[in-house]
């Protein structure tokens, strides 16, 4: 079964080059082309591709917003960003919009074709150069601070109140719960004393 692809790029030369190169790939078929993000969204609704290969900078509607709309309106269609702009802001914006992959146009054709297959299969893929940068940024972040120690010097009763407040109970509900707990404890103590001395 072939992967159905829509090519969305405002440069006709890029679309034509990709279409010609994909024509020799039996498992990938180009089912449409779009010059704007808005056109890509409309075309995807009409032809139901598996993947939209999307440029970021396009007139009328950029690739980020087009990806956001595709993700919201057509969740079965995957967006694969293919752009010359690999700055961190573009990468993060594309991923937040729901892109399944992010590639740069200087990648080898075989890598782009493999990425289309990966994204069509439901997985995600980011260009190795971008991945390396994201890893370096993540690894360079400081370790998260350890959680603060629990407060010391609080009584059992204060701990009970804090626990109940943490569960979202109102003051009245906390008071009611504590009153019942006290009555239950008194009853249990009285029952233990009666049993010990054989009283009813």
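Relative to the longest principal axis of the Cα atoms of the chain, helix 88-97 runs at roughly 70 degrees.
Between residue 175 and residue 47, the modelled label-to-label distance comes to 7.0 nm, taking each label 7 Å out from Cα in the direction of the beta carbon.
Identify which of 84, 131, 155 has the largest mean-square fluctuation in a Gaussian network model of the chain, with springs joining Cα atoms closer than 10 Å. Greatest mean-square fluctuation among the candidates belongs to 155.
Specify which labelled value, from [x] 1, 7, 13, 15, 14, 13, 13, 10, 7, 5, 2, 0, 0; [y] 1, 7, 13, 14, 12, 7, 4, 3, 4, 5, 5, 5, 5, 5, 4, 3, 2, 1, 0, 0; [z] 1, 8, 16, 20, 21, 15, 8, 5, 3, 2, 1, 0, 0, agrees with P(r) over Cα pairs in 5 Å bins from 0, in percent derived from the coordinates of the model shown. Only one listed value fits the structure, namely [y]. Helix 156-166: angle to the longest alpha-carbon principal axis of the chain, degrees 0 to 90, nearest 10? Between helix and principal axis, roughly 30 degrees.
Percent antiparallel among DSSP beta bridges with both residues in the chain, to the nearest 5? Here the share of antiparallel DSSP bridges comes out near 0 percent. When only alpha carbons are used to place a centre, the stretch 110-128 and the stretch 9-81 end up 15 Å from one another.
GNM on the chain, alpha-carbon springs under 10 angstrom: the most fluctuating residue among 99, 35, 108 is 108.
Extension gain residue 88-residue 20, at 0.36 nm per residue separation less the Cα-Cα distance, in nm? Write out the running numbers ahead of the final one.
On the way: separation 68, 0.36 × 68 = 24.48 nm, distance 3.06 nm.
The span from residue 88 to residue 20 would gain 21.4 nm if fully extended.
Here the Gaussian network model covers the chain, with springs between Cα atoms less than 10 Å apart; of 103, 125, 178, 178 fluctuates the most. Within the stretch 80-152, all pairs of alpha-carbon atoms sorted by distance into 10 Å bins from zero give the percentages 17, 42, 21, 10, 7, 2, 0. Site pair residue 158 and residue 1 shows an inter-label distance of 6.3 nm when each label is modelled 7 Å from Cα along Cα→Cβ.
Read-outs throughout are calculated quantities, based only on the coordinates presented, and are distinct from any laboratory measurement. Please read all numbers here as calculations on a predicted model, not as lab measurements. With ideal geometry, Cβ positions are generated from the backbone for all residues, glycine too; neighbour counts draw on all protein chains shown.
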